[in-house]
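**Student:** I have a structure I would like to understand better, so I am pasting it below and will then ask my questions one at a time.
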Amino acid sequence: EPEVTQTPSHQVTQMGQEVILRCVPISNHLYFYWYRQILGQKVEFLVSFYNNEISEKSEIFDDQFSVERPDGSNFTLKIRSTKLEDSAMYFCASRGRTGAETQYFGPGTRLLVL
Amino acid sequence: AQSVTQPDIHITVSEGASLELRCNYSYGATPYLFWYVQSPGQGLQLLLKYFSGDTLVQGIKGFEAEFKRSQSSFNLRKPSVHWSDAAEYFCAASNTDKLIFGTGTRLQVFP
């Protein structure tokens with residue numbers, strides 16, 4: 001069964017450093033998402049992406065964040081200058097077009113900012 | 001504002017007992033509704049979903065959920081819990097694109 005994959009599974013970085021989180025959505029899917037879950041809290045929407053542009057973003061998704069689909073398979077989330085409060089689990093999700101409202105999630109990348 | 005509420009933060013049941021996890025939503029119109037499960041250190045796995053039609057939906061792992069419009073609820077049930085069901089359960093809703101999640105219910109199962 002096709003699945004969403006994410007790399008790395010864990011990343012530790014210093015405050016102020018840039019990080020790129022990578023996702024490979026399900027191959028025939030067209031809509032892509034990033035969510036995050038701060039430890040012990042609920043999953044929060046960050047951004048949705050369709051047709052090579054952002055469809056919607058939350059207030060969390062400020063100028064320090066960007067997303068890109070650099071090729072036909074990868075979908076990345078970049079944090080330009082990480083802060084301590086960016087420490088969280090980041091989930092990528094994708095959905096297709098038909099029957100299309102179900103989002104399928106990857107296993108997540110746990111980011112720790114020191 | 002749109003919101004999803006899971007009133008129970010933590011539930012403990014004995015293996016073999018029945019289970020009901022509560023979920024209420026607040027939306028302008030009936031949203032699409034989902035239950036996801038998250039095992040420790042894992043991602044989110046879809047258990048079941050409701051879009052329209054039959055208000056009792058069946059999912060994987062023996063779970064079912066019932067949509068009740070009058071109560072704005074979408075409660076998850078399982079008749080007999082197994083130890084492997086111990087996990088965090090999230091209710092989520094969507095009527096645009098993004099999912100809005102509840103705060104989750106942590107299920108603990110005792111032998």
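The values are calculated or read from the model by the stated rules, or taken from the named source; none is laboratory data. Worth saying up front: this structure is predicted, and the values here are computed from it rather than measured. Cβ sites come from the backbone with ideal geometry, for glycine too, and all protein chains shown count toward neighbours. Only protein heavy atoms, including side chains, enter the accessible area calculation; ligands, DNA and RNA are left aside. Shrake-Rupley method; radii C 1.70, N 1.55, O 1.52, S 1.80 Å.
**Student:** Any idea which residue in region A:20-42 is farthest from the other protein chains (Cβ to nearest Cβ), counting only those that are under 12 Å from the mean Cα position of the chain (by Cα) and among the β-branched types (Val, Ile, Thr)?
**Tutor:** A:ILE20
**Student:** Select from region B:80-111 the residues that are in a strand (DSSP E or B), touching a Pro at 6+ places or on another chain (Cβ under 8 Å), more than 9 Å from every other protein chain (Cβ to nearest Cβ) and more than 16 Å from B:ILE9 (Cα to Cα) and list them in ascending order.
**Tutor:** Across region B:80-111, the qualifying residue is only B:ALA93.
**Student:** Answer yes if at least one residue in region A:46-68 is closer than 25 Å to B:LEU47 by Cβ, in contact (Cβ under 8 Å) with a residue 60 or more places away in the chain and not in a strand (DSSP E or B), and no otherwise.
**Tutor:** No, the conditions are met nowhere in region A:46-68.
**Student:** Right, next: If the Cβ limit is 8 Å and pairs must be 6+ apart or interchain, which residue in region B:1-25 that is under 15 Å from B:ILE100 (Cα atoms) pairs with which residue that is basic (Lys, Arg)?
**Tutor:** Within 8 Å, the pairs are B:GLN6/B:ARG22.
**Student:** For B:SER3, only one of the following conditions fails: (1) modelled with pLDDT under 95; (2) more than 18 Å from B:ALA92 (Cβ to Cβ). What is its number?
**Tutor:** Just one mismatch for B:SER3, condition (2).
**Student:** State whether the residues of region B:71-79 include one that is assigned to a helix (DSSP H, G or I), of a type in the set (Gly, Ala, Ser), more than 18 Å from B:ILE11 (Cβ to Cβ) and open to solvent by 10 Å² or more (accessible area, probe 1.4 Å).
**Tutor:** Within region B:71-79, none of the residues are assigned to a helix (DSSP H, G or I), of a type in the set (Gly, Ala, Ser), more than 18 Å from B:ILE11 (Cβ to Cβ) and open to solvent by 10 Å² or more (accessible area, probe 1.4 Å).
**Student:** Condition first: among the acidic types (Asp, Glu) and touching a residue at least 12 places away in the same chain (Cβ under 8 Å). Now tell me which residues in region B:57-111 satisfy that.
**Tutor:** Passing the criteria: B:GLU64, B:ASP85, B:GLU88.
**Student:** Which condition from (1) in contact (Cβ under 8 Å) with a residue 60 or more places away in the chain; (2) more than 9 Å from chain B (Cβ to nearest Cβ) is the one that A:GLN6 breaks?
**Tutor:** (2)
**Student:** Count, please, the residues in region A:3-45 that happen to be part of a loop (DSSP other than H, G, I, E, B) and open to solvent by 90 Å² or more (accessible area, probe 1.4 Å).
**Tutor:** Residues flagged as part of a loop (DSSP other than H, G, I, E, B) and open to solvent by 90 Å² or more (accessible area, probe 1.4 Å) within region A:3-45 amount to 9.
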